[in-house]
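Read the structure below first, then the notes.
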Amino acid sequence: MPNDFSRTDRIAEQIKRELAVLIRNHVKDPRVGMIAILDVKVTKDLAQAKVYFDTLDTESHQDCEKGLNRAAGFLRRELGRAVKLRATPSLQFIYDDTELKANQLSHIIDKAVASDKKDDPTD
């Protein structure tokens, strides 16, 4: 059986699933609204995990990030109860605006293509 995923990748996926449930059900901070966990990167020694997230309210993403990092200790403890590891990694939450930038870039490209079609004399 080939190893399609490394151990750290499997642990990162498990952390991603558990954190989504924990944040939705247990984090009561009003700064933390509707978020989506996009990715989790775990170091090889499983000491740290960077959690990349996106939020529906893009204007308050800094407050949301502060609220999540403030709740990181609580989430780590609850994660340790849910995922059986020798040591639970410390959590660092990072706002990821890649999708927003991709949408803006796509809009710019669409405008440029529409402008080229409008200015094309062969049509």
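Bear in mind that the values in this text are calculations on the coordinates, not laboratory data. Remember, it's a predicted structure, so these values are computed and weren't measured experimentally. Methodologically, a virtual Cβ is constructed for each residue, glycine included, from the backbone with ideal geometry; neighbour enumeration extends over all protein chains shown.
Checking each residue in the stretch 41-82 for being under 16 Å from H26 (Cα atoms) and among the hydrophobic types (A, V, I, L, M, F, W, C) picks out C64, L68, A71, A72, F74, L75, L79, A82.
The set of residues in the stretch 1-52 that are exposed (fewer than 14 other Cβ atoms within 10 Å of the Cβ) and assigned to a strand (DSSP E or B) comprises A36, Q48.
This table checks each residue for (1) within 18 Å of A36 (Cβ to Cβ); (2) assigned to a loop (DSSP other than H, G, I, E, B); (3) of a type in the set (A, V, I, L, M, F, W, C).
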position	(1), (2), (3)
D54	yes, no, no
H61	yes, no, no
G67	yes, no, no
R81	no, no, no
K84	no, yes, no
N103	yes, no, no
I109	no, no, yes
